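Undergrad: Dropping a structure here in structure tokens format, bear with me for questions.
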Amino acid sequence: MADRPESYDILIRRARLRGRPYRLFEIGIAEGRLAAIGEGLDGCAANEIDARENLVTESFVNPHLHLCKVWTLPMMEEAALKDYHGAGMGKAMTAIELASAIKADYEASWIADNARRAVALAAYHGNLHIRALADVDGKARLEGVKALLAVREEFEGIVDIQVTAFAQDGIVREPGTAELLRQALELGADVVGGIPWIEYSDADASEHIKVCFDLAQDFDKNVSMLLDDAGDAGLRTLELMALEAIQRGWQGRALAHHCRAMSLYPLPYFQRLAGTLKRARVSVVSDPHTGPLHARVKELLDEGVPVCLGQDDISDAYYPFGRNNMLEVAFLASHLLWMTAREEIDQLYDMVTVNPARAMNIADFGLEVGAPAHLVVLDQPDELEALRYHAAPAHVISHGKIVDRQQMASLAGQGTESPLD
């Protein structure tokens, strides 16, 4: 009796894979996982997708989004945006203080409505994992955290959201914030978020870092910190965080965001810092499109420090654009970082897929048999063309199921008549 062909839930035909541009593959998906990848797979499926000889890769990953703030720009003046984008970023702290005014009106209901739109955009664009920051302080209280926890539950199985309880306005300078962070973790927040450079002294910045790591250890959580996000070469909180991670045995569990002051560091200090980051297994998230300074991305990569790209903001006090399209973020970064050679374009693609997945400790992420099926089927044949057009994927698969992109467009408030590409 002849062997019966394998049966899959989804079978993708005529797919190109990264690093193997001259061969076509089939990808079989069953029970939420990648069951088979090969040339000429003998199988059938309830759902077959013709990739039309275009690129199929892991889905996109956004390691940095202020999800509690999306679409709040219309609710405030543009003073914070102007200060944050001012020459040299010397007024970055002032910008953050101005932006905090919106939090007096924080309510979980409208924050959730805005966040839902942003997460639907993410799903539409094949961005299936997000580390989402929610401000926690005396003004924001826990409203942002509560909203993002609700949206996390709503999108379960479509977009995986790591809710980060984030001390945006400081811990030492904002009494009561440490306890609010603890309450946020008790509610179910996934990550401890800090911003130590915002404190008024180096001693307070060090205490801020210690409080965050204390909470991370108490709750067995990862850490994300916005570090040295201003035009001041004297800021050193990135190094302090990395050293704390080593001391606490938290290597590989602390993620560094922004690090814009790095662009002003003397070369000898930068090289020493890179060695410390490698020992701490700290990855750096850069968002060069949202501020005039940025981390030294190419030099970090040359030193062997992993780098990711983040969306950072969507129409808030710091950035007026954004649509959770990580190909668009990589396209912008290619210009701002002057990464235009083929090898660099490959690196950019890694910086919105596999690099942030590792940095966020997403288990078993990758285009490998046995891994969870989080895929995008693009409408272009390679990474260069994908970045050139930065269009939404032709198909998005999350947890082994095809995402209803029309539904996501509707949730994003675009309807089916308004293209998002």
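Undergrad: Starting from residues that are within 19 Å of residue 69 (Cβ to Cβ) and polar (S, T, N, Q), keep the ones in region 161-201 and report whichever is modelled with the lowest pLDDT.
TA: 168
Undergrad: Tell me yes or no: at least one residue of region 239-256 is in the same structural domain as residue 191 (by TED's automatic domain parsing) and free of Cβ contacts under 8 Å to residues at least 24 places away in the same chain. Break it down stepwise before answering.
TA: Taking region 239-256 first, the residues in the same structural domain as residue 191 (by TED's automatic domain parsing) are 239-256.
From what's left, free of Cβ contacts under 8 Å to residues at least 24 places away in the same chain: 247, 249.
So far as region 239-256 goes, yes, one or more of its residues are in the same structural domain as residue 191 (by TED's automatic domain parsing) and free of Cβ contacts under 8 Å to residues at least 24 places away in the same chain.
Undergrad: For the list (1) out of contact with any Ser or Thr (no Cβ under 9 Å at 6 or more places or on another chain); (2) surrounded by fewer than 23 Cβ atoms within 10 Å (Cβ to Cβ); (3) not in a helix (DSSP H, G or I), I need the number of the one condition that residue 163 fails.
TA: Status for residue 163: all satisfied but (2).
Undergrad: Kindly provide the set of residues from region 27-47 that are more than 29 Å from the chain's Cα centre (by Cα) and part of a strand (DSSP E or B), ordered by number. Spell out the reasoning first.
TA: Kept after step one, since they are more than 29 Å from the chain's Cα centre (by Cα), are these residues of region 27-47: 38-47.
The answer is 38, 43, 44, 45, 46, 47.
Undergrad: For region 310-321, which positions are part of a loop (DSSP other than H, G, I, E, B) and under 9 Å from residue 287 (Cβ atoms)? Walk me through how you get there before you give the answer.
TA: In the first step, residues of region 310-321 are kept if they are part of a loop (DSSP other than H, G, I, E, B); the result is 310-311, 313-321.
310, 311, 313, 319 - these are the residues of region 310-321 that are part of a loop (DSSP other than H, G, I, E, B) and under 9 Å from residue 287 (Cβ atoms).
Undergrad: Somewhere in region 143-154, is a residue part of a helix (DSSP H, G or I), of a type outside the set (Phe, Trp, Tyr), touching a Phe, Trp or Tyr at 6+ places or on another chain (Cβ under 7 Å) and closer than 28 Å to residue 362 by Cα? Steps first, answer last, please.
TA: As a first pass, look at region 143-154 and keep what is part of a helix (DSSP H, G or I): 143-154.
Cutting the leftovers down to of a type outside the set (Phe, Trp, Tyr) gives us 143-154.
Narrowing the set further to residues that are touching a Phe, Trp or Tyr at 6+ places or on another chain (Cβ under 7 Å) leaves 143-144.
Add one more test, that the residue is closer than 28 Å to residue 362 by Cα, and what stays is 143-144.
So far as region 143-154 goes, yes, one or more of its residues are part of a helix (DSSP H, G or I), of a type outside the set (Phe, Trp, Tyr), touching a Phe, Trp or Tyr at 6+ places or on another chain (Cβ under 7 Å) and closer than 28 Å to residue 362 by Cα.
Undergrad: Go through (1) more than 20 Å from residue 121 (Cβ to Cβ); (2) surrounded by 16 or more Cβ atoms within 10 Å (Cβ to Cβ); (3) in the same structural domain as residue 11 (by TED's automatic domain parsing) one by one and return the number of the condition residue 394 breaks.
TA: Failing condition for residue 394: (1).
Residues checked against (1) in contact with a helix residue (DSSP H, G or I) (Cβ under 9 Å, 6 or more places away or on another chain); (2) over 26 Å from residue 61 (Cα atoms):
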{"site": "138", "(1), (2)": "yes, yes"}
{"site": "145", "(1), (2)": "yes, no"}
{"site": "150", "(1), (2)": "yes, no"}
{"site": "157", "(1), (2)": "no, no"}
{"site": "184", "(1), (2)": "yes, no"}
{"site": "200", "(1), (2)": "no, yes"}
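Yes or no, residue by residue, for (1) among the β-branched types (Val, Ile, Thr); (2) in the same structural domain as residue 266 (by TED's automatic domain parsing); (3) over 15 Å from the mean Cα position of the chain (by Cα):
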{"position": "289", "(1), (2), (3)": "no, yes, no"}
{"position": "319", "(1), (2), (3)": "no, yes, yes"}
{"position": "327", "(1), (2), (3)": "no, yes, no"}
{"position": "337", "(1), (2), (3)": "no, yes, yes"}
{"position": "372", "(1), (2), (3)": "no, no, yes"}
{"position": "377", "(1), (2), (3)": "yes, no, yes"}
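The values are calculated or read from the model by the stated rules, or taken from the named source; none is laboratory data. No experiment lies behind these values; they were computed from the predicted model shown. Please note: Cβ atoms are built from the backbone with ideal geometry, for glycine as well, and neighbour counts cover all protein chains shown.
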